[in-house]
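Coordinate-derived values only; no laboratory data. For clarity, every value in this text was computed on a predicted model and none was experimentally measured. Cβ sites come from the backbone with ideal geometry, for glycine too, and all protein chains shown count toward neighbours.
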Amino acid sequence: TVAVNNNAGPHMGEVYIAFSHLTASDADIMFVSSLDGGLTWSAPVRVNQDPTASGLDQWAPHMRVDDKTGAIVVTYYDRRNDPFNNRIEVWSSTSYAGGLTWRDCMVSTFGPAAPISNVGFPIAPYIGDYLGTDRHPINGAAFGWNDGTNTVDQDIFYNIAVRCDSDGDGIPDDVDNCPSVYN
């Protein structure tokens, strides 16, 4: 997925790409940026913050850049909480530093769900890459996704109540003046 930073801050005009990258042990979400309109790219940075080489996959990133704050938000499917690497949650990672550092937050409001699909084998149990992220100035971040939580077929879910607080100070990251420092 590709996005451009249109915020008037220090990263204005930067081009971003978030993608799944499969290694020998698992799939992770990676991020690269370009300061020159795509002529050259930064070294890849790992977005998801679960332990490396865990054998647990993250995939299908959706990315947006908040025009007001410049925050980069990447939403993706994640299996970090299922030791069998089968059940799925939806997670989001946010960078307030132009993609150099990231903070994770679970978006789905339930534990890992089975990857149920009403599409027959061999495609099932793949659930697709139907993720979306947006931000409202009053309500904050909003996320949409599909999954098979009902164990019968895929349904659409959304959550506008997710307010990640990376530093645990009680102030959500999207309105915190320093989201990585408790104050």
Q. Can you give the net charge of the other residues whose Cβ lies under 15 Å from the Cβ of residue 48, counting K and R as +1 and D and E as -1?
A. -4
Q.
Output wanted: per-residue J couplings in Hz (rounded whole) for the range 27-41, from phi through Karplus 6.51 cos²θ - 1.76 cosθ + 1.60, θ = phi - 60°, x for Gly and Pro.
A. 9, 10, 8, 10, 9, 10, 9, 10, 8, 10, x, x, 6, 10, 10
Q: Would you mind getting me the FRET efficiency between residue 167 and residue 4? Use the beta-carbon distance for r and R0 = 30 Å, nearest 0.05.
A: 0.60
**Q.** Radius 9 Å from Cβ of residue 20, net charge of other residues (Lys, Arg +1; Asp, Glu -1)
**A.** -2
Q | In Hz, Karplus ³J(HN,Hα) per residue of the range 45-58 (6.51, -1.76, 1.60; θ = phi - 60°; x = Gly, Pro) | A | 10, 6, 7, 5, 10, 6, x, 5, 6, 7, x, 10, 8, 10
(Q) Can you give the local net charge around residue 181? Use residues other than it whose beta-carbon is closer than 13 angstrom to its beta-carbon, Lys and Arg +1, Asp and Glu -1. (A) -4
Q. Contour minus end-to-end for residue 42 and residue 177, with contour as 0.36 nm per residue of separation and end-to-end as the Cα-Cα distance?
A. 45.9 nm
Q | Cα gyration tensor, the range 1-51 - rounded (a/c under 1.5), prolate or oblate | A | prolate
